[in-house]
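Student: If you scroll down you'll find the structure; I have some questions about it.
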Amino acid sequence: MAKIIPVPIFDCVVFGATGDLTLRKLLPALYYRYRDGQMPAGARIVGAARSVLSDDGYREKARQALEEHVLPDDLDPAMLQRFLGCVHYVAIDAASDGADWSGLRLLLDPARVRVFYLATAPYLYGSICRNLAAAKLVTQQSRVVLEKPIGRDLASAKEINDSVGAVFAEAQTYRIDHFLGKETVQNLLALRFANTIFERLWTSDAIDHVQITVAETVGVEGRAGYYDTSGALRDMLQNHLLQLLCLIAMEPPVSLDADRVRDEKLKVLRALAPIPAHRIAACTVRGQYGAGAVNGQPVGAYLADLGASEPSGTETFVALKAELQTWRWANVPFYLRTGKRMPRKVSEIVVQFKDRPFSLFPASAGARQPNRLVIRLQPEEGMRLDVMTKDPGPGGLRLSPTGLDIRFDTAFGIRFPDAYERLLMDCVRGDATLFMRRDEVEAAWTWVAPILEAWSTAVEPPRPYAAGSWGPTASIALIERDGRTWNEDAT
Ligand code: BG6
């Protein structure tokens, strides 16, 4: 059983308390932390939203959400009842200037760590923070948690960061990228810096290229309104995929201190070679799913999910080739792709090593396959190192790749906590290592800006792909033009 690190007593106010994120992710995460004894006695969770609800009305909503999103075996009725006793509710339009904050003020204890979690649309962050300050609710021990995406481009991100920054110091600001809270993502630091065998090979001398795939089977579900103003580049690539790239590409930090780790990630983002306007078409692919079938079930097109009669220019798939201008990574492309309605849910990083300079073995031994390290973030978290071995038995010397394979669930035999569990508790503890700093977010927007700009003026709509496929064929061409292929195991 993993050691539970205690956290100080806290009040956590969640704005957007009736929304999808709170009900599907935050409440279950807090329940698990409560169940595992990490939430100190007396800690309070205060839901805040515009709907007029009593404490009991909200608890009922919370109960339903927990029954839906916590595994039945983990939901002990008595435990659930005690957990709901920590949950309170305040009806408030927090973004409006005339809001009455007295109910919330009465509930909160000025001596405690106070977390304001903004699970709302990003354009409301500034006004909520201003109103919190005007209501004198921001104490020394307060923190604000901001969900991604922070803005929809560099200018709006700066505006949000400025208005939040006028109230909360950077050290009090926790920008969530929940991928950083995934166990296997944190494991990247361990893989690279707690072992010697990989780090020595972790350069352009030995590595041919890196692939990062985050594929989802879901469509836009109930989030079409948000998604259509966002798209895969803003929703996934600007944050989740670039953060993964940072963890793979960063130099060893001088310590695990939050800012030292984030300094190194920032350097990576700043080293990303800008893609000039005339190269966007060659280096990026955007797609939008049409009707098809996922897991044997027919599913509709993006436009049908949107309920739109007019075409939409929003991409549900993006693939691109990124390059880093550093000594370590010169001429090592990073191919990134993410999409909705793919054949299966898989997030993985493939580090493809260079081929042997010379082959000792005859052609009859079989095709050459360079070594490959596959880091599976989900599902079946683990990693596999493909090495060439001799096929057993007689019939001549034939070689084929075999995996040195670790599956974390069988290796550790424990439930992997959801990313939000770790991140919420880190925030209460005041550990910002797994949160994005302002300069990181802005550097990521700076890099994607030319792509957004080119796509916004492109005459061509996103390329269609059938739901249940691996995206437009142009995505395959993107990598095959360079004589490489997307990892076959994922596709
Ligand atoms: C979110 C995106 O940040 O990540 C969603 O907004 C996406 O569109 C989700 O579905 C994927 O997260 P996970 O943890 O299910 O891989």
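Student: Restricting things to alpha carbons, tell me how big the chain is in terms of Rg and Dmax, in Å.
Tutor: Rg, Dmax (Cα atoms, Å): 23.8, 83.
Student: Let me ask something else about it. Roll a 1.4 angstrom probe over the protein heavy atoms and tell me the percent of accessible area of the range 72-160 that is carbon or sulfur.
Tutor: Working: 2150 of 4000 Å².
That fraction is 54 percent.
Student: In this model, which of 61/340; 25/182; 148/182 are farther than 18 Å apart at the alpha-carbon? If you can, show how the numbers build up before the last one.
Tutor: Numbers: 61/340 29 Å; 25/182 13 Å; 148/182 16 Å.
With Cα atoms farther than 18 Å apart: 61/340.
Student: Another question, then. Counting only residues 5 or more places away or on other chains, whose amide H sits under 5 Å from the amide H of residue 208 once H atoms are built in the peptide plane?
Tutor: Long-range HN contacts for residue 208: 352, 353, 354.
Student: Express the accessible area of the range 350-464 per residue in Å², computed with a 1.4 Å probe while the remaining protein chains stay in the model. Before the final figure, lay out the partial values.
Tutor: Numbers: 5820 Å² over 115 residues.
Accessible surface, normalised per residue, equals 51 Å².
Student: Let me ask you something else. Hey, what's the range 1-155 come to in accessible area per residue, 1.4 Å probe, Å²?
Tutor: With the other protein chains kept in place, the range 1-155 gives 45 Å² per residue.
Student: In what sequence, largest accessible area first, do 376, 63 appear using a 1.4 Å probe? It would help to have the intermediate numbers written out before the result.
Tutor: Numbers: 376 30, 63 60 Å².
Largest to smallest exposure gives the sequence 63, 376.
Student: How many Å² of accessible area per residue for the range 156-279, probe 1.4 Å?
Tutor: Details: 4600 Å² over 124 residues.
Counting only protein heavy atoms, the per-residue value for the range 156-279 is 37 Å².
Student: Using only Cα atoms, what is the ratio of the radius of gyration of the range 162-226 to 2.2 N^0.38 Å?
Tutor: Normalised by 2.2 N^0.38 Å, the Cα Rg of the range 162-226 equals 1.72.
Student: Counting only the heavy atoms of the protein chains, how much of residue 278 is accessible to a 1.4 Å probe, in Å² to the nearest 10?
Tutor: About 150 Å², ignoring ligands and nucleic acids.
Student: Between residue 473 and residue 155, what is 0.36 nm times their sequence separation minus the Cα-Cα distance? Round to one decimal in nm.
Tutor: 111.2 nm
Student: So how far, in whole Å, is the C-alpha centre of the range 216-273 from the one of the range 68-143?
Tutor: Taking the Cα centre of the range 68-143 as reference, the centre of the range 216-273 is 27 Å away.
Student: Given a Förster distance of 51 Å, report the FRET efficiency between residue 398 and residue 171 from their Cβ-Cβ distance, rounded to the nearest 0.05.
Tutor: On the way: r = 59 Å, r/R0 = 1.15.
According to the calculation, E is roughly 0.30.
Student: Let me have the relative contact order for the chain, percent, based on Cα pairs under 8 Å that are six or more residues apart.
Tutor: 17
Student: Set the Förster distance to 30 Å, then compute FRET efficiency between residue 480 and residue 273 from the Cβ-Cβ distance, nearest 0.05.
Tutor: Numbers: r = 21 Å, r/R0 = 0.70.
Efficiency, rounded to the nearest 0.05: 0.90.
Student: Roughly how many whole Å is it from the C-alpha centroid of the range 19-44 to that of the range 406-482?
Tutor: 25
Student: Rounded to the nearest whole Å³, what is the per residue volume of the convex hull around the Cα atoms of the range 328-437?
Tutor: Values: hull volume 21.9 nm³, N = 110.
Cα-based convex hull of the range 328-437, divided per residue, equals 199 Å³.
Student: Can you compute the modelled spin-label distance between residue 415 and residue 310, with each label point 7 Å from Cα toward Cβ, in nm?
Tutor: Rounded to a tenth, the inter-label distance reads 4.6 nm.
Student: Could you tell me the calculated FRET efficiency between residue 327 and residue 121, based on Cβ-Cβ distance and R0 = 41 angstrom, to the nearest 0.05? Could the numbers behind the result be given before it?
Tutor: Details: r = 42 Å, r/R0 = 1.01.
Given R0 = 41 Å and the Cβ-Cβ separation, E is 0.50.
Student: Report residue 154's accessible area, 1.4 Å probe, all protein chains in place, as a number in Å² to the nearest 10.
Tutor: Solvent-accessible area, nearest 10 Å²: 50 Å².
Student: In whole Hz, what ³J(HN,Hα) sequence does the range 474-487 give by Karplus (6.51, -1.76, 1.60; θ = phi - 60°), x for Gly and Pro?
Tutor: Residue by residue, the range 474-487 yields 4, 5, 5, 4, 3, 8, 6, 4, 8, x, 10, 9, 4, 3 Hz.
Student: Based on DSSP H runs of at least 4 residues, each adding -39500 (n - 2.57), what is the mean residue ellipticity at 222 nm of the chain after dividing by all its residues, to the nearest 500 deg cm²/dmol? Please report the intermediate quantities before stating the final value.
Tutor: Numbers: 16 runs with 151 residues, N = 491.
-9000 deg cm²/dmol, from helical runs alone.
Student: Follow-up question, since we're still on this one. Could you tell me the center-to-center distance, by alpha carbons, between the range 171-198 and the range 345-364 in angstrom?
Tutor: Computed from Cα coordinates, the inter-centre distance equals 26 Å.
Student: With a 1.4 Å probe and all protein chains in place, put 451, 406 in order of accessible area, largest first.
Tutor: Solvent-accessible surface, decreasing: 406, 451.
Student: I would also like to ask the following. Residue 27: accessible area at probe 1.4 Å, nearest 10 Å²?
Tutor: 0
Student: Using only the heavy atoms of the protein chains and a 1.4 Å probe, how would 481, 234 rank by accessible area, largest first?
Tutor: Details: 481 150, 234 40 Å².
Sorted by accessible area, descending: 481, 234.
Student: Still on this structure: How compact is the range 187-298 by the rule of thumb for globular proteins, expressed as Cα Rg over 2.2 N^0.38 Å? Kindly include the intermediate steps, with their values, before the conclusion.
Tutor: On the way: Rg = 17.9 Å, N = 112, 2.2 N^0.38 = 13.2 Å.
That works out to 1.35 for the range 187-298.
Student: At 7 Å along the Cα-to-beta-carbon direction for both residue 79 and residue 361, put a label point, then send me their distance in nm to one decimal.
Tutor: Result: 4.9 nm between the two label points.
Student: Give me the distance in nm between label points sitting 7 Å out from Cα along the Cα-to-Cβ direction at residue 52 and residue 195, one decimal.
Tutor: In this crude label model, residue 52 to residue 195 measures out at 6.0 nm.
Student: So what is the relative contact order of the range 10-147, in percent, for Cα pairs below 8 Å that sit 6 or more residues apart? Walk me through the numbers before you get to the answer.
Tutor: On the way: 193 pairs, mean separation 45.0, N = 138.
Relative contact order of the range 10-147: 33 percent.
The values are calculated or read from the model by the stated rules, or taken from the named source; none is laboratory data. This structure is a prediction, so every number in the text was calculated from the model and none was measured. Glycine also receives a Cβ, built like all others from the backbone with ideal geometry; neighbour counts cover every protein chain displayed. SASA here: full protein model, heavy atoms, side chains in, ligands and nucleic acids out. Shrake-Rupley method; radii C 1.70, N 1.55, O 1.52, S 1.80 Å.
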